Amino acid sequence: MARIARLVIRHRLLVVGAWIALTIVGGFSAAKLSSRWFQSFSIPGYSAYEANQRMLKTFGSGEQPPLVVVLSSPGRDITKVAGADRPIAAAARVVKGSRVGSWFETHSNMYLSPDHNTMVATIYPRGNATFSTLPPIAKARAALKAGTPAGVTSHLTGRDAIFQSQGETTGPSVFAETLLGGAGALIILLFVFGTLPAVAMPLAMAAASILTTFACVLALTYVTDVSIIVQFLVALVGLGVAIDYALLMTFRFREELSLGRSPDDALVETMTHAGRSVIISGSTVAIGLLSMVILPLPFIRSIGLGGMLIPAVSVLASITLLPALFSLLGTRINRLRVMPKRFVKPPDPERGMWHRWAALVTRRPLPVFLLGAVIVTLFVLPAFHINPSDAQLKNEPAAGDAAAGFAAVRTAGIPDGVFLPHVILVEKGATPAALAKTAQAVTKAPGIYGAAAPPSWRKDSLGVVEAFGTDDGNSRAAEKTISNLRDNVLPSLESQLAGSTRVTLGGVPAESRDFISAVYGKFPYVLLFVLILTFVLLMRAFRSVVLPLKAVLLNLISLGAAYGIVVFIFQDGHGSQAIWNIHATDAVISWIPLMIFAFLYGISMDYEVFMLTRMREAYDETGETKKAIELGLARTGKLVTSAALVLMFAFFSLSTGPGPDIKQFAIGLSAGIIFDATVIRALLVPSVMQLLGRWNWWLPTWTARLLRTRPSPLEPATSET
């Protein structure tokens, strides 16, 4: 690292110029990426997804959930109102190539309320479901209203209509949220550093790292498909690691300057120690993201490959761009002070709040550990009943006509299952008789309100049956209904039908369950992959068997606490309505646990690496565990807390968005980061290390030989202080 530092010092202008060029290229690349993203939700090999693909191939629709038309005629049988079929047909014509399920084609009472005053119809849009797919809802609604007979009230609702209406709800815009988070982060940085040049370091790092990563991702899109989710991951994870690494390097550089070293010597010393920590931290973040390639979903695998570029670019910027800027600034990094001098002066490891706290922990490690253990237990326990699933529509905020239509359906007594119907695909023998028998068998199944087979939904030897569940397709009850249909009802029916007739459950609810199964069925392997690689990497970095084991276990606890916080607030509803006006969701949105893991594991390990690196450094100097803990915690306490506060402000601002998914994600990240920086790093890490004593530093000779590093023999008990 010292050689790299001296090389950067000699060519600092060239290095800065190169990063400016890369940042400009990254800006153009970010704009060009809009047409290059992979937007498919493919789950190859899973029955519901494959069934939906066969429907899509035959009918042109099948991947997207339906828009739901609601017609109400209070006091009258809606089926006897002249022209009641016209608004349905008018809306369907706007949604070109769609399939329509209605009473007028099937005469099935499942499309009617018990009093026949209200009618629903389903319009399945044509084409693939992607992140940006939305049917022409506004135009379809206008056509529906225009064709509605006098005395009839009409609404257009459905899952996508409700999602679209969330843009109409009150609340800050994305730009306002960004400004709010940025303002909070800037204030923290001002208090942390106190001078404008120092504050500019994390901002410059974040801009250069994020935009350059976009340039790398653009190149990757010409080699393989890259999911559109990567753009959000680059922004969030890129912001996190860039700020963390910039804070670490800037803290260390200013500390070395305060010891009287020249700028060049201070830079070499910074790179020797903090630069090494950055490389270790970046490697752990990359491992966490790379682990996603284990999951059997193409778009998740692309997230792993694309996401791995983020820490790689951030590490490269940290060991080249930052040293070049430090070399150019020198002692001027402490000029243009906007805060009192105490914010500019690096913390004294021998005194101050963090040293006093560290001394307390090392004197009373057991009470501190027990306090931390109690807090951790309270936060982690809710995570054990986490329910990863998409939110039920009743818990989604909605506005306008979509909300009115949803309310009209529920008021009429039609079940929530109409919004996400179950779809049964009958192949190789889909005669009218076979379809009618399928609809009859499905109707009798528990959890099913009704089933029908529109005649127009039959082509060649393939036909489709539509079924409304008695519960929302994302509910726990619907999960049991789906399992019963797959395991009992449809196999039994298939054996009764003639020849080689094949009956498969499709539709959005079944495919959503397949996604959850595909991701979380393999999640233990992802964890195992990450934990083993991280353990080996840290064992070599810290020359210890115990320290990396403690690090990975505490990281799992931190992750569990983040899940527990999200479950407690949103799934169980403790405070979600009072603060965010969201009822208990009874679920954590299916993609959120995975993305929280991808982000938090790396950031949490960053903090662990920062602390343990300084503790190992202090132990090598003093040979005393107690002294190492006190110096390490005193030197990194402000750093870790500051980095956590900056990211907390940046992510907490996202919780002002209208959707429960963004709120859950934002709170999971911000609360998880603060929990990790306080309870884990301030309570458990130092107290556990003090209790372990000399065992912290043990690395047997044979293990050191395998890792190609120096051994760290177990010191005699009498030498430990």
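The residue of the range 194-229 that is surrounded by the fewest Cβ atoms within 10 Å (Cβ to Cβ), among those that are hydroxyl-bearing (Ser, Thr, Tyr) and assigned to a helix (DSSP H, G or I), is Thr221.
Have a look at Leu322, Leu360, Leu371 and point out the one that is at pLDDT 90 or above, open to solvent by 50 Å² or more (accessible area, probe 1.4 Å), closer than 30 Å to Ile596 by Cβ and assigned to a helix (DSSP H, G or I).
Working: Leu322 fails: open to solvent by 50 Å² or more (accessible area, probe 1.4 Å); Leu360 fails: closer than 30 Å to Ile596 by Cβ.
Unique residue meeting the criteria: Leu371.
Within the group Leu554, Leu612, Leu600, Leu549, which residue is within 30 Å of Ala634 (Cβ to Cβ) and free of Cβ contacts under 8 Å to residues at least 60 places away in the same chain?
Leu549
If Leu366 satisfies all but one of (1) over 25 Å from Arg681 (Cα atoms); (2) surrounded by fewer than 20 Cβ atoms within 10 Å (Cβ to Cβ), what's the number of the condition it fails? Here Leu366 meets the rest and fails (1). The residue that is surrounded by the most Cβ atoms within 10 Å (Cβ to Cβ), counting only those in the range 670-690 that are of a type outside the set (Val, Ile, Thr) and in contact with a Leu (Cβ under 7 Å, 6 or more places away or on another chain), is Gly672. Assessment of the range 460-467 against the conditions (under 24 Å from Ala129 (Cβ atoms), in contact (Cβ under 8 Å) with a residue 12 or more places away in the chain, in contact with a Pro (Cβ under 8 Å, 6 or more places away or on another chain) and charged (D, E, K, R)) yields at least one matching residue. Just one of the numbered conditions (1) crowded, with 19+ Cβ neighbours inside 10 Å; (2) within 30 Å of Thr625 (Cα to Cα) is not true of Ile589: (2).
Counting only residues that are assigned to a helix (DSSP H, G or I), farther than 22 Å from Phe379 by Cα and not small (Gly, Ala, Ser), the range 540-567 holds 5 of them.
The condition (being under 33 Å from the mean Cα position of the chain (by Cα), surrounded by 16 or more Cβ atoms within 10 Å (Cβ to Cβ) and either of a type outside the set (D, E, K, R) or modelled with pLDDT under 95 (or both)) is satisfied by just one residue among Ser108, Ser102, Ser98, Ser113: Ser98.
Condition first: part of a helix (DSSP H, G or I) and hydroxyl-bearing (Ser, Thr, Tyr). Now tell me which residues in the range 503-529 satisfy that. Scanning the range 503-529 gives Ser512, Ser517, Tyr520, Tyr525. If you go through the range 541-555 and keep only what is of a type outside the set (Gly, Ala, Ser), within 25 Å of the chain's Cα centre (by Cα) and open to solvent by less than 30 Å² (accessible area, probe 1.4 Å), you end up with Val552, Leu554, Asn555.
Let's see how each residue does on (1) touching a Lys or Arg at 6+ places or on another chain (Cβ under 7 Å); (2) free of Cβ contacts under 8 Å to residues at least 12 places away in the same chain; (3) part of a helix (DSSP H, G or I):
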{"position": "Asp620", "(1), (2), (3)": "no, yes, yes"}
{"position": "Ala628", "(1), (2), (3)": "no, no, yes"}
{"position": "Leu639", "(1), (2), (3)": "no, no, yes"}
{"position": "Ile674", "(1), (2), (3)": "no, no, yes"}
{"position": "Leu683", "(1), (2), (3)": "no, no, yes"}
{"position": "Trp702", "(1), (2), (3)": "no, yes, yes"}
{"position": "Thr709", "(1), (2), (3)": "yes, no, no"}
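Of all residues in the range 497-540, those satisfying the criterion of being more than 27 Å from the chain's Cα centre (by Cα), open to solvent by 40 Å² or more (accessible area, probe 1.4 Å) and more than 28 Å from Val418 (Cα to Cα) are Ala498, Gly499, Ser500, Arg540. Restricted to the range 122-161, and to residues there that are open to solvent by 30 Å² or more (accessible area, probe 1.4 Å), farther than 20 Å from Ala404 by Cα and not polar (S, T, N, Q), the residue that is modelled with the highest pLDDT is Arg126.
With respect to Ala274, is the statement that it is among the aliphatic types (A, V, I, L, M), at pLDDT 85 or above and either at positive phi or open to solvent by less than 10 Å² (accessible area, probe 1.4 Å) (or both) true? It is true that Ala274 is among the aliphatic types (A, V, I, L, M), at pLDDT 85 or above and either at positive phi or open to solvent by less than 10 Å² (accessible area, probe 1.4 Å) (or both). Every condition in (1) buried (at least 24 other Cβ atoms within 10 Å of the Cβ); (2) more than 22 Å from Leu533 (Cβ to Cβ) holds for Leu612 except the one numbered (2). The residue pairs whose first member lies in the range 390-419 and is touching a residue at least 24 places away in the same chain (Cβ under 8 Å), whose second member is among the basic types (Lys, Arg) and assigned to a helix (DSSP H, G or I), and whose beta carbons are closer than 8 Å, counting only pairs six or more residues apart or on different chains, are Leu393/Arg159; Lys394/Arg410; Asp401/Arg141; Phe406/Lys394; Asp416/Lys394; Asp416/Arg410; Phe419/Arg159. Under the condition of being surrounded by fewer than 23 Cβ atoms within 10 Å (Cβ to Cβ) and under 30 Å from Met201 (Cβ atoms), the residues counted in the range 291-314 number 4.
When Thr438, Thr411 are checked against the criterion of being part of a helix (DSSP H, G or I), surrounded by 24 or more Cβ atoms within 10 Å (Cβ to Cβ) and among the hydroxyl-bearing types (Ser, Thr, Tyr), Thr438 stands alone in meeting it. Scanning the range 463-502 for residues being assigned to a helix (DSSP H, G or I) and closer than 30 Å to Val588 by Cα gives a total of 15. Restricting attention to the range 1-39, the residues being surrounded by fewer than 19 Cβ atoms within 10 Å (Cβ to Cβ) and among the polar types (S, T, N, Q) number 3.
The values are calculated or read from the model by the stated rules, or taken from the named source; none is laboratory data. Computed from a predicted structure; not experimentally measured. No Cβ is skipped: glycine too gets one built from the backbone with ideal geometry, and neighbour counts run over all protein chains shown. The accessibility values were calculated without ligands, DNA or RNA, using every heavy atom of the protein model including side chains. Shrake-Rupley method; radii C 1.70, N 1.55, O 1.52, S 1.80 Å.
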